[in-house]
Amino acid sequence: MKTLVIAEKPSAGPRHRAALTPVAGKFEKHDDHFESETYVVTSAVGHLVEIAAPEQFDVKRGKWSFAHLPVLPPYFDLKPIDKPSRACPPWSSWPSERRGPSDQRL
């Protein structure tokens, strides 16, 4: 099984590849990603997830407002962004046999 590394933007992909090369060995360059025996490095354009809105946490003091700030939740949930079209990464169109049985789409 390979580890998928997603860079935030296309120009960051080669930097991730360079940082992983001492550990992962040589990477083969493809049109939309770099691949070694243990890693696949690709990129998206923009963010794929965002921090969940505070309303989604258990609110014991009533409705959220500026009067209740600062709010430090016990954890920060992530959720997929609402408009992923701009952020659609090249690997989202890979055929299912390429993604493997355990991979999931966002």
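Would you be able to tell me the number of residues in the stretch 1-51 that are at pLDDT 90 or above, assigned to a strand (DSSP E or B) and open to solvent by 90 Å² or more (accessible area, probe 1.4 Å)?
So the count comes out to 2.
All but one of (1) over 30 Å from ASP82 (Cα atoms); (2) in contact (Cβ under 8 Å) with a residue 60 or more places away in the chain hold for ILE6; state the number of the condition that does not hold.
(1)
The values are calculated or read from the model by the stated rules, or taken from the named source; none is laboratory data. None of these values were measured; they are calculated from a predicted model. Note that we place each Cβ from the backbone using ideal geometry, even for glycine, and neighbour counts take in every protein chain shown. Heads up: the accessible areas ignore ligands, DNA and RNA and are worked out on the full protein's heavy atoms, side chains in. Shrake-Rupley method; radii C 1.70, N 1.55, O 1.52, S 1.80 Å.
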